[in-house]
Amino acid sequence: MSLFSRRQSLALVLLACALASGAHAQSYPSKPIRLVVPWPAGGVVDLAARQLGIRLQAALGQPVVVENKLGAGGNIGADAVAKAPADGYTLLLTSSALTVSTAMGAKMQFDAVKDLERVALVGYAPSVLVVSATSKIQTVQELIKAARAQPGALSYASAGVGSPAHMTGELFKSRKDLFILHIPYTGAPAAMIDQIAGRIDFHFSNAAVALPQIKAGKVRALAVTSAQRMVSLPQVPTMMEAGVDKFEADQWLGLLAPKGTQPEVVQKLAAEVNKVLTQEEYSTALANAGMSAAKVGKPEGFDAYFRRDLAQWAAVVKFAGIKPE
């Protein structure tokens, strides 16, 4: 076969592949989609996944089946998706625990950066900096002043090493160069019980856990960790408004796919997610659970955000010397 003939044959093969790829993207989806949630049913990630799944199912015309696959801080479910066929029929909806685990050097059978495609941010789960209702501390600046006056005398709670409350607490310490003791609990409810009793000085509580206690007057909210104020706590400033620069520590919730998923499929999924993000019913459902809907965006934007988040937590891990348990 001549060189010209070989080139012509190669061109035909490439054209056939391109046409097949385009046909697949146009027909996608043609069967049910499996949406893996590596967190328990009833939690904030699961709630967001089910709210999203219902709406994607209506838009795409195929069932979207939510599967809770638990273990290893969200990494077992993420690993299953990373190793699934890259055809758009197995997707992952998880949280920033993925970037935290990666930053901590947790043992993972996959590479969160290289083995998963970022499709779309779907929401945020902010935390609230709270103190007990009987605390003399009224503002974030008063908390900083108290910590500096008595290094090591103040304590903050978390739901365990590597939990959002732990990482956010260490981010706060690093931003203001504070020495505050970390008290890990077995979970967020246990931490809140001791917070209400005044046995710890403060903690960054998940909004879903904090809101009922704030409304009941059992704890006082000093600030929220999001970039903007929470709709449900409009009177409470952000950490940045309270004087802590470059402080944004929401848990993000995002949709990811196996690496190698066709760009056309990723773009189609992102476009449908964007339509959901503009629906008031979706935003309200998330707000009722202490979350906020993400803004409309592109996969490239989510990827950039993912990498910034990873870099932020890697810096916190280094500052605090955090090791995975």
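Miscellaneous remarks
- Residue count, the stretch 67-78 (criterion: in contact with a strand residue (DSSP E or B) (Cβ under 8 Å, 6 or more places away or on another chain) and at pLDDT 95 or above): 5
Let's see how each residue does on (1) touching a Lys or Arg at 6+ places or on another chain (Cβ under 9 Å); (2) closer than 22 Å to VAL100 by Cβ:
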site	(1), (2)
GLN141	no, no
ILE144	yes, no
PRO151	no, no
TYR156	yes, yes
ALA159	no, yes
SER163	no, yes
LEU171	no, yes
ILE196	yes, no
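- Any hit, the stretch 151-162, residues being within 30 Å of PRO29 (Cα to Cα) and part of a strand (DSSP E or B): no
- Picking from residues in the stretch 163-199 that are charged (D, E, K, R) and part of a loop (DSSP other than H, G, I, E, B), the one that is nearest to the chain's Cα centre (by Cα) is ASP177.
- Qualifying position, being in contact with a strand residue (DSSP E or B) (Cβ under 7 Å, 6 or more places away or on another chain) and at negative phi, among ALA112, ALA86, ALA103: ALA86
- Remark: pairs (first residue in the stretch 112-135, touching a residue at least 60 places away in the same chain (Cβ under 8 Å); second residue of a type in the set (Lys, Arg) and part of a strand (DSSP E or B); Cβ separation under 6 Å; 6+ apart in sequence or on different chains) = VAL131/ARG220; ALA133/ARG220.
- Residue match in the stretch 210-218 (condition: in contact with a His (Cβ under 8 Å, 6 or more places away or on another chain) and not charged (D, E, K, R)): no
Residue-wise test of (1) touching a Gly at 6+ places or on another chain (Cβ under 8 Å); (2) among the basic types (Lys, Arg); (3) surrounded by fewer than 22 Cβ atoms within 10 Å (Cβ to Cβ).
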{"site": "PRO126", "(1), (2), (3)": "yes, no, no"}
{"site": "GLN141", "(1), (2), (3)": "yes, no, yes"}
{"site": "LEU154", "(1), (2), (3)": "no, no, yes"}
{"site": "VAL161", "(1), (2), (3)": "no, no, yes"}
{"site": "TYR185", "(1), (2), (3)": "yes, no, yes"}
{"site": "ALA190", "(1), (2), (3)": "no, no, yes"}
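- Checking each residue of the stretch 35-42 against the condition of being aliphatic (A, V, I, L, M), out of contact with any helix residue (DSSP H, G or I) (no Cβ under 8 Å at 6 or more places or on another chain) and modelled with pLDDT under 95 gives at least one match.
- Candidates LEU129, LEU92: the one that is touching a Leu at 6+ places or on another chain (Cβ under 9 Å) and farther than 25 Å from LEU211 by Cα is LEU92.
- Residues that are surrounded by fewer than 18 Cβ atoms within 10 Å (Cβ to Cβ), part of a helix (DSSP H, G or I) and not small (Gly, Ala, Ser), drawn from the stretch 313-325: LYS318, PHE319
- Any chance GLY152 is modelled with pLDDT of 95 or more and either aliphatic (A, V, I, L, M) or within 18 Å of VAL224 (Cβ to Cβ) (or both): no
- Residue, modelled with the lowest pLDDT, within the stretch 241-268, restricted to residues that are aliphatic (A, V, I, L, M) and either assigned to a strand (DSSP E or B) or surrounded by 19 or more Cβ atoms within 10 Å (Cβ to Cβ) (or both): ALA249
Residue by residue, here is whether (1) surrounded by 23 or more Cβ atoms within 10 Å (Cβ to Cβ); (2) at pLDDT 95 or above; (3) in contact with a helix residue (DSSP H, G or I) (Cβ under 6 Å, 6 or more places away or on another chain); (4) part of a loop (DSSP other than H, G, I, E, B) holds:
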position	(1), (2), (3), (4)
GLN57	no, yes, no, no
VAL65	no, yes, no, no
ALA80	no, yes, no, no
LEU91	yes, yes, no, no
THR99	yes, yes, yes, no
MET108	no, no, yes, yes
ASP111	no, yes, no, yes
ALA120	yes, yes, yes, no
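The values are calculated or read from the model by the stated rules, or taken from the named source; none is laboratory data. Keep in mind that what you see is a predicted model, and the values were worked out from it rather than measured. Quick reminder, even Gly has a Cβ in these numbers, built from the backbone with ideal geometry, and neighbours come from all protein chains shown.
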